[in-house]
């Protein structure tokens, strides 16, 4: 699954930043760096790849998924781009803004949950089998969002509403 490589890139760049700082950060600072890199690197890459695939190469992207080409791919590509912009803005806007980024990620995650569930049901109905790749995508999505939420709860000021 390519998404694991992209998540790993976010972890790798965060680890690099922490190494440059001599690993002197306390736990909440480590969580802040890790979460920021998930926002910027991971979701920034998802945005760029999604935009390119769905806006610039919609026929190729649809064919790879076994779906029909649709103008909705353009809307989806721009939505993915917006997700990446939110992630990059997290560099300059902290605190409660990060809750907004997380909510945006949750909504994006729900779209994946919906799509993967529909594919599982379709393949079960048409092919009489469970697609374990789709099931694993759902599990990964849920676990990933839970981890991001847990990380955000370790950072003072993210979930404080005043």
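The values are calculated or read from the model by the stated rules, or taken from the named source; none is laboratory data. Note that the coordinates shown come from a computational prediction; the quantities given were computed from them, not determined experimentally. All Cβ positions, glycine included, derive from the backbone under ideal geometry; neighbour counts span all protein chains shown.
Does residue 66 satisfy the condition of being loosely packed, with under 14 Cβ neighbours inside 10 Å, within 30 Å of residue 118 (Cβ to Cβ) and modelled with pLDDT under 90? It is true that residue 66 is loosely packed, with under 14 Cβ neighbours inside 10 Å, within 30 Å of residue 118 (Cβ to Cβ) and modelled with pLDDT under 90. Listed conditions (1) under 30 Å from residue 26 (Cβ atoms); (2) modelled with pLDDT of 90 or more; (3) out of contact with any helix residue (DSSP H, G or I) (no Cβ under 7 Å at 6 or more places or on another chain) are all met by residue 104, apart from (3).
Taken over the stretch 86-105, the criterion of being touching a residue at least 24 places away in the same chain (Cβ under 8 Å) and surrounded by 13 or more Cβ atoms within 10 Å (Cβ to Cβ) is satisfied by 86, 87, 88, 90, 94, 95, 96, 98, 99, 101, 102, 105.
Determine which member of the set 111, 61 is under 12 Å from the mean Cα position of the chain (by Cα), at pLDDT below 90 and farther than 18 Å from residue 7 by Cα.
Exactly one residue qualifies, and that residue is 111.
Reported count of residues in the stretch 107-123, each being touching a helix residue (DSSP H, G or I) at 6+ places or on another chain (Cβ under 7 Å) and within 18 Å of residue 73 (Cβ to Cβ), is 4. Looking at the stretch 148-156, is at least one residue in contact (Cβ under 8 Å) with a residue 12 or more places away in the chain, part of a loop (DSSP other than H, G, I, E, B) and closer than 19 Å to residue 40 by Cβ? Taking every residue of the stretch 148-156 in turn, at least one turns out to be in contact (Cβ under 8 Å) with a residue 12 or more places away in the chain, part of a loop (DSSP other than H, G, I, E, B) and closer than 19 Å to residue 40 by Cβ. Are any of the residues in the stretch 75-84 loosely packed, with under 14 Cβ neighbours inside 10 Å and farther than 30 Å from residue 153 by Cβ? The answer is yes, given that some residue of the stretch 75-84 is loosely packed, with under 14 Cβ neighbours inside 10 Å and farther than 30 Å from residue 153 by Cβ.
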